[in-house]
Amino acid sequence: MMYEAEEQGIHTIRIRGFDSKTVIDAFGLPEYMIPVMMLGLGYPKPQAKAHQAHFDREPIDSFVTEL
């Protein structure tokens, strides 16, 4: 869904770490459905840019050790 949304010009973000019980109650889900992820969708503003942190990378030798 995320790839197709992006193809349509809709940006996405996956949402984890929420209280499943609250979501179940808010949407009236049956007990056998346990949400584990939600998907936020939206159209970006024309001037929107990705934060620089998306492009900053640690050098691979700072976290990989060859044995």
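A short reminder: the numbers here are calculations on the coordinates, not readings from a lab. Everything quoted here is computed from the prediction, not taken from an experiment. Because the Cβ atoms are built from the backbone with ideal geometry, glycine has one as well, and the counts that use them run over all protein chains shown.
A few points about this structure:
- Cα pair distances exceeding 20 angstrom across the chain, given as percent: 58
- Charge-dipole axis of the stretch 2-62 as Lys and Arg at +1 and Asp and Glu at -1 on Cβ define it, positive-most pick from H51, P30, S62: H51
- Rounded to the nearest 20 debye, dipole of the chain from Cβ charges on Lys, Arg, Asp, Glu: 300
- Using a cutoff of 8 angstrom between alpha carbon atoms and counting only pairs six or more residues apart, the relative contact order for the stretch 2-62 works out to 36 percent.
- Ranking of E4, E66 by count of other Cβ atoms within 10 Å, fewest first: E66, E4
- For F18, F55, order by how many other beta-carbon atoms lie within 10 Å, fewest first: F55, F18
- The modelled label-to-label distance for the pair Q52/M37, using points 7 Å beyond Cα in the direction of Cβ, is 3.0 nm.
- Least to most buried among Y3, Y32 (fewest other Cβ within 10 Å first): Y32, Y3
- With the helix formula -39500 (n - 2.57) applied to DSSP H stretches of n ≥ 4, the chain reaches a computed 222 nm mean residue ellipticity of -5000 deg cm²/dmol.
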